[in-house]
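Engineer: Pasting a structure here, questions to come.
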Amino acid sequence: MDQSLAMEILEILTQDARTPAAIIAQMLGASEAEVAAAIKRLEDENVILRYSALVNEELTEKESAVHALIEVKVTPQYRQGYDAIAEGITRYPEVRACYLMSGAYDFMVLVDGNSLRDVSRFVAEKLAVLNGVTSTGTHFVLRKYKDNHVTIPTGPDDQRQVVTP
């Protein structure tokens, strides 16, 4: 597979995963069959792991979930480094994402829960007690303004002046 074609396809799908192969082909000057085959190969090779939708939770009738960013400091385990701790953290369904970080803490863990209590319970009963975890710091998301490169509309009652670059 042509690597530059694959990279261009990934860029387009990252911006809008619903872009049809026919449109991508037109955009890149390639055949639809070539684009479809490249996408299939990217999926088979686990380069593309999943397609998902970004939802404006404030416009849904469902009670919004609580999102938190948790700083985690750890002591890496002998002969396993950070990987064993990351595996322990990521096995929980509450964990949306887990990143190894540079700086003052080792991991940034993004967690979803139904309430503040659910997130607090997760931290106290599951995360903080993992072998190697020495401390945590939890930050709750109060409002999302931009997520995954998408600015989230604030609603029709927003009377602030639009500022553009």
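Engineer: Given the conditions (1) over 17 Å from the mean Cα position of the chain (by Cα); (2) more than 16 Å from Ser135 (Cα to Cα); (3) modelled with pLDDT of 95 or more, and given that Tyr78 satisfies all but one, which numbered condition is not satisfied?
Structural biologist: Of the numbered conditions (1) over 17 Å from the mean Cα position of the chain (by Cα); (2) more than 16 Å from Ser135 (Cα to Cα); (3) modelled with pLDDT of 95 or more, the odd one out for Tyr78 is (3).
Engineer: Could you list, in sequence order, all residues of segment 8-22 that are within 20 Å of the chain's Cα centre (by Cα) and loosely packed, with under 13 Cβ neighbours inside 10 Å?
Structural biologist: Selection gives Glu11, Thr14, Gln15, Asp16, Arg18.
This table checks each residue for (1) open to solvent by less than 30 Å² (accessible area, probe 1.4 Å); (2) under 16 Å from the mean Cα position of the chain (by Cα).
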| site | (1), (2) |
| --- | --- |
| Val111 | yes, yes |
| Asp118 | no, no |
| Thr134 | no, no |
| Gly137 | yes, no |
| His149 | no, yes |
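Engineer: When you go through Ala86, Ala36 one by one, which is the residue that is of a type in the set (Gly, Ala, Ser) and touching a helix residue (DSSP H, G or I) at 6+ places or on another chain (Cβ under 6 Å)?
Structural biologist: Step by step, each of Ala86, Ala36 is checked, and only Ala36 is of a type in the set (Gly, Ala, Ser) and touching a helix residue (DSSP H, G or I) at 6+ places or on another chain (Cβ under 6 Å).
Engineer: So which strands (runs of 3 or more DSSP E) stay within segment 43-148 end to end and still have 2 or more residues that are in contact (Cβ under 8 Å) with a residue 24 or more places away in the chain and of a type outside the set (S, T, N, Q)?
Structural biologist: Output list reads 66-74, 107-113, 133-140.
Engineer: Tally up the residues in segment 23-45 that are open to solvent by 70 Å² or more (accessible area, probe 1.4 Å) and closer than 13 Å to Ser4 by Cβ, please.
Structural biologist: Total meeting the criteria: 2.
Engineer: Restricting attention to segment 83-100, and to residues there that are of a type in the set (A, V, I, L, M) and farther than 20 Å from Ser120 by Cβ, which single residue is surrounded by the fewest Cβ atoms within 10 Å (Cβ to Cβ)?
Structural biologist: Leu100
The values are calculated or read from the model by the stated rules, or taken from the named source; none is laboratory data. Owing to the predicted nature of the structure, the values given are computational and were not obtained by experimental measurement. In this analysis, Cβ positions are derived from the backbone assuming ideal geometry, glycine residues included, and neighbour counts consider all displayed protein chains. Side chains included, ligands, DNA and RNA excluded: accessible areas come from the protein's heavy atoms. Shrake-Rupley method; radii C 1.70, N 1.55, O 1.52, S 1.80 Å.
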